[in-house]
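Visitor: Let me give you the structure first, and then I'll get to my questions.
The values are calculated or read from the model by the stated rules, or taken from the named source; none is laboratory data. This structure is a prediction, so every number in the text was calculated from the model and none was measured. Note that each Cβ is placed from the backbone with ideal geometry, even for glycine, and that neighbours are counted across all protein chains shown.
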């Protein structure tokens, strides 16, 4: 195929991936921070940027900004700006974001139940040169 020709099969695959709900959604919330932000907002329903950053001390300002924007774009959190000086911005879960909570809490419970066994398997398998 020449450089200026379109690969129809590749194009079909790309469209499928974009339209696949599980791939599309997981690509947005399975990063290092998104589920943590949602979890935190479940327990403190309204938070300002600085509060979120203090609650997650190892997140950079830039990464928190990107994470909040992504969650807002997907309608999982709401951003409310107050017209005052200095500006006041609050974040909260939307109704859509709240529908994710039972699934997130199920995952958290599963992780808590399985973590010991998973760590043990990792330890065993990392010592196994055939693995």
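Visitor: For region 94-120, enumerate the residues that are under 17 Å from residue 41 (Cβ atoms) and either out of contact with any strand residue (DSSP E or B) (no Cβ under 6 Å at 6 or more places or on another chain) or free of Cβ contacts under 8 Å to residues at least 12 places away in the same chain (or both).
Guide: 95, 96, 98, 99, 100, 101, 102, 103, 104, 105, 107, 108, listed by residue number.
Visitor: Also: Might you check whether a residue that is touching a helix residue (DSSP H, G or I) at 6+ places or on another chain (Cβ under 8 Å), loosely packed, with under 15 Cβ neighbours inside 10 Å, under 16 Å from residue 51 (Cβ atoms) and modelled with pLDDT of 95 or more occurs anywhere in region 73-82?
Guide: yes
Visitor: Next up: Could you tell me which residue of region 40-82 is nearest to residue 96 (Cα to Cα), considering only residues that are free of Cβ contacts under 8 Å to residues at least 24 places away in the same chain and in a loop (DSSP other than H, G, I, E, B)? Full working, then the answer.
Guide: Going through region 40-82, the residues free of Cβ contacts under 8 Å to residues at least 24 places away in the same chain turn out to be 40, 43-44, 50-51, 53-58, 60-62, 65-66, 69, 72-73, 75, 78-82.
Remaining after also requiring in a loop (DSSP other than H, G, I, E, B): 44, 56-58, 60, 75.
Values: 44: 17, 56: 23, 57: 27, 58: 27, 60: 26, 75: 7 Å.
Selected residue: 75.
Visitor: Of the numbered conditions (1) in a helix (DSSP H, G or I); (2) within 16 Å of the chain's Cα centre (by Cα), residue 121 satisfies every one except a single condition; which is it?
Guide: It fails just one condition, (2).
Visitor: Would you mind stating whether residue 22 is part of a helix (DSSP H, G or I) and in contact (Cβ under 8 Å) with a residue 60 or more places away in the chain? It would help to see each step written out before you state the result.
Guide: Details: part of a helix (DSSP H, G or I): yes; in contact (Cβ under 8 Å) with a residue 60 or more places away in the chain: no.
When the stated conditions are applied, residue 22 does not pass them.
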